[in-house]
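In what follows, a single structure is set out as structure tokens and then discussed.
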Amino acid sequence: MNSNSRKSMSIIAYFLSEYDLEAVKALGYKNRKLCFEGVSSFFKLNDDYLRLRRDEFAALPSSRSTRTGFSKRPPNTLTVQIAKDLHNFTFEDLLNMIYFIINNPEETYANVLNFGAQYIIQSIYPETADLNDCYEGAKTTVTVNRYERNLEARQKCINHHGCYCHICNLDFKKVYGELGNGFIHVHHIKPLHEIKEGYIVDPINDLIPVCPNCHAMLHRKLNGKNITIDELKDMITF
């Protein structure tokens, strides 16, 4: 992992440091252990790296962490600087920056910060969610489906269905080589208005891997109605 990727990973470590179990739950995990294992596996890191980075942030005087009993690893200059960069971002800001990192793992740290500061996601990635997950920017308003950014559910979906678009069959690794390895979006099939209280996402039946373009089209409406996977497949002309 290069230095830029480590900086981006530090955003997740900072998020876990500041919000602990609330952050663990927001990322879709039942406990810290599963969270560290899942996130580390996703980014192909050793579990200890993320845990140590979290503890470095928690040891800072500016930290909001209330955890006790952990090893306070002395922070380095980079840790202090990243904490300053992230200090004014809210829980939801950080969560959406992490979502951005998941879909753009090679994005520069500076661009991730810029995304968080402007509350803007690229217009080709529109999502759907309730009002609490809506973010407005200077140029566009985009909402984010919390089920599509659940790391654990996302990985189980990809492990089962495969890492390619199930609408146009685009496989990013085959087209772009190693650069495209592991890159894919996941689409939440079940309409949000049908979700009842206590709903738990089923990674196999509720999520499906799709490319960013097809994902964007699935979140558009035709004659006021949502488009299904099969309907979009039939619309493809190439």
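The values are calculated or read from the model by the stated rules, or taken from the named source; none is laboratory data. Keep in mind that what you see is a predicted model, and the values were worked out from it rather than measured. Using ideal geometry, Cβ is built from the backbone for each residue, glycine included, and neighbour counts are taken over all protein chains shown.
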Candidates Ile82, Ile101, Ile158, Ile124, filtered to the one that is at pLDDT below 70 and of a type outside the set (Lys, Arg): Ile124
Qualifying residue in the range 67-79 (condition: within 22 Å of Gln155 (Cβ to Cβ) and assigned to a helix (DSSP H, G or I)): no
Scope the range 166-181; condition farther than 15 Å from Asp206 by Cα and modelled with pLDDT of 90 or more; matching residues: Ile167, Cys168, Asn169, Leu170, Asp171, Phe172, Lys173, Lys174, Val175, Tyr176, Gly177
